[in-house]
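Engineer: Dropping the structure in here first, questions after.
Each value in this text was obtained by applying a stated rule to the coordinates, not by laboratory testing. Since the model is a prediction, treat every value here as computed from it, not as a measurement. Virtual Cβ from ideal backbone geometry, glycine too; neighbours counted across all protein chains shown.
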């Protein structure tokens, strides 16, 4: 992986690489109603395996445009917002994401801001994370 210049420090003190947005941890706690809504959202979606990452970073994903209609878009935006409100910061190699763990999976998004987010990913919370043993990774 090529070296990406560090251009500063994020709101939590972690390295902020060129071209990467600083995603603050809000560290809010979901209400029981919000958590129930999120579980319902998760169960209604058809998650697809990310085949190209099967051996290195096994995960599944959904795409905003797979569901049609205004409510589907609103639900996608709501779940994206929940990830960012209730999630925690962690790294995939040197790229910082906000992850939200619900039951046996952790969720993260691709895209910023919310309305431009196109993908929601999920991986088992116990999935291997080989990038955490790579020299130079946080």
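So that you can scan it fast, the table gives a plain yes or no per residue for (1) at positive phi; (2) out of contact with any strand residue (DSSP E or B) (no Cβ under 6 Å at 6 or more places or on another chain); (3) not in a helix (DSSP H, G or I):
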site: 58; (1), (2), (3): no, yes, yes
site: 71; (1), (2), (3): no, yes, no
site: 77; (1), (2), (3): no, yes, no
site: 80; (1), (2), (3): no, no, no
site: 90; (1), (2), (3): no, no, yes
site: 108; (1), (2), (3): no, no, yes
site: 121; (1), (2), (3): no, no, yes
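Engineer: Scan the stretch 31-46 for residues that are touching a strand residue (DSSP E or B) at 6+ places or on another chain (Cβ under 9 Å), more than 16 Å from residue 101 (Cβ to Cβ) and surrounded by 14 or more Cβ atoms within 10 Å (Cβ to Cβ) and report the count.
Structural biologist: 1
Engineer: Considering only the stretch 113-127, I want to know if a residue exists there that is free of Cβ contacts under 8 Å to residues at least 60 places away in the same chain and farther than 22 Å from residue 30 by Cβ.
Structural biologist: Among the residues of the stretch 113-127, at least one is free of Cβ contacts under 8 Å to residues at least 60 places away in the same chain and farther than 22 Å from residue 30 by Cβ, which makes the answer yes.
Engineer: Being part of a strand (DSSP E or B) and under 9 Å from the mean Cα position of the chain (by Cα) is the requirement here; does residue 98 meet it?
Structural biologist: Spelling it out, residue 98 is indeed part of a strand (DSSP E or B) and under 9 Å from the mean Cα position of the chain (by Cα).
Engineer: Right, another one. Can you confirm whether residue 106 is free of Cβ contacts under 8 Å to residues at least 12 places away in the same chain and either surrounded by 11 or more Cβ atoms within 10 Å (Cβ to Cβ) or under 29 Å from residue 7 (Cα atoms) (or both)?
Structural biologist: No; evaluated as a whole, the condition is false for this residue.
Engineer: Would you point out which residue out of 79, 91 is touching a residue at least 40 places away in the same chain (Cβ under 8 Å), under 19 Å from residue 104 (Cβ atoms) and in contact with a helix residue (DSSP H, G or I) (Cβ under 8 Å, 6 or more places away or on another chain)?
Structural biologist: 79
Engineer: Inside the stretch 60-69, can you point out the residues that are over 16 Å from residue 104 (Cα atoms) and not in a helix (DSSP H, G or I)?
Structural biologist: Passing the criteria: 62, 63, 67, 68, 69.
Engineer: Also, I was wondering about something else. Take the residues of the stretch 47-56 that are out of contact with any helix residue (DSSP H, G or I) (no Cβ under 8 Å at 6 or more places or on another chain) and in a loop (DSSP other than H, G, I, E, B): which is surrounded by the most Cβ atoms within 10 Å (Cβ to Cβ)?
Structural biologist: The selected residue is 50.
Engineer: Pull out all pairs, ordered by first then second residue, where Cβ-Cβ is under 8 Å, the residues are six or more apart or on different chains, the first lies in the stretch 62-74 and is free of Cβ contacts under 8 Å to residues at least 24 places away in the same chain, and the second is assigned to a helix (DSSP H, G or I).
Structural biologist: What qualifies is 67/73; 67/75; 67/76; 73/64.
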